[in-house]
Amino acid sequence: MTALIALITGANKGIGLETARQLGGRGMTVLIGSRDARRGRAAEAALRAEDIDAHFVELDVTGEASARKAADWVDARFGRLDVLVNNAGIAVRGGPPSATSLDAMREVFETNVYGVITVTNAMLPLLRRAPSARIVNVSSELGSVTFMSDRSGPAWQMPASISYPASKAALNMVTAMYAKELAGTPIKVNAANPGYCATDLNGHSGFRAAAEGASVSVHLATLPDDGPTGTLWGHIWGAPDSPASGELRFLSRTAAADSRPPPPLSAG
Ligand code: NDP
């Protein structure tokens, strides 16, 4: 059987690199999306040294031309795409809501929201050609209004800010709407919640390893055909670990994209 083809954006480091490593370890051909050729090639070389079939592809998610070029390359080389992990993301300190920098807001949304739409739309024709494609949008529980507004929850200790949480809230809705549009197809679209992981994004202050966060994306990228679509799923900050579930647990549904009844409006 030919290997499944998986593209991971922002795969040159952090959770994206670990996602590529884990999907590659399962025998997939992994396409290392990176906006910087030097960093992308270094990640490609590191994974190849581990016998993973890794290929660097230049991809700045904020550029439509870049996404089109990457899609053309995937098409010419492989003719289809089985897995798309929209992992690339940034966090910019924008200050409290009352002093929000709109420049910071725009910068974060360009990558975390518009970038996902840009790449997904460029890759969709290739994903439709795969027998059972999966799209994973790497989001966060910080994008959950319920979670962020819970005075007794762990997020309450964080200072209020808009840009990053709002971008992930928007991404959850983006996920829900793609899942709705694609509900009649084999393609599943889910949002991953990696949990708080030590990476460059947060100055390595997270208490989970990047590999643990990546395992959430891997789970959603390898869902069976009767698996869910339109969900936000992963590790919940503050929840006790459960070895039986591998620390992965259902977080909230974001879409009524299958036959089950819709979630309450406060979820997600
Ligand atoms: P890192 O900063 O380690 O990695 C981010 C990756 O995104 C890098 O490869 C970076 O590339 C890439 N990137 C940023 N902007 C672009 C762009 N315009 N085009 C292409 N690639 C880009 O962070 P993480 O690994 O922690 O983050 C990965 C994802 O996980 C993000 O979406 C983040 O929001 C999410 N997440 C992270 C959590 C955490 O605790 N770490 C928790 C919840 C969600 P470059 O090296 O060129 O900058």
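Bear in mind that the values in this text are calculations on the coordinates, not laboratory data. Please read these numbers as outputs of a predicted model, since none were measured by experiment. Note that we place each Cβ from the backbone using ideal geometry, even for glycine, and neighbour counts take in every protein chain shown.
Here region 145-206 has an Rg and Dmax of 14.7, 42 Å, counting Cα atoms alone.
Any number yet on Rg/Rh for the chain, C-alpha, Kirkwood? Ratio value, two decimals: 0.94.
Distances longer than 19 Å among the Cα atoms of region 120-232: what percent of all pairs is that? Please list the in-between numbers first.
Details: 3207 of 6328 pairs.
So the portion of pairs separated by more than 19 Å is 51 percent.
In the chain, the calculated helix contribution to ellipticity at 222 nm averages -11500 deg cm²/dmol per residue, counting -39,500 (n - 2.57) for every DSSP H run with n ≥ 4.
Mind ordering 70-78, 97-105 by average Cβ neighbours within 10 Å, highest first?
Values: 70-78: 16.3, 97-105: 12.7.
Ranked by mean Cβ neighbours within 10 Å, highest first: 70-78, 97-105.
From Cα pairs below 8 angstrom and at least 6 apart in sequence, can you work out the relative contact order of the chain, rounded to a whole percent?
Values: 574 pairs, mean separation 45.2, N = 268.
Taking the mean separation of contacting Cα pairs over the length of the chain, I get 17 percent.
Would you please report the Å³ per residue occupied by the convex hull of the alpha carbon atoms in region 1-62?
Details: hull volume 4.0 nm³, N = 62.
Expressed per residue, the convex hull around the Cα atoms of region 1-62 is 64 Å³.
Note on region 30-156: Cα-only Rg and Dmax are 17.3, 52 Å. Think of the chain as having a plus end and a minus end, set by charges on the Cβ of Lys, Arg, Asp and Glu; of A46, S132, S215, S132 sits farthest toward the positive end of this dipole. Give the separation of the Cα centroids, region 134-164 to region 63-89, in Å. When both Cα centres are located, 29 Å separates them.
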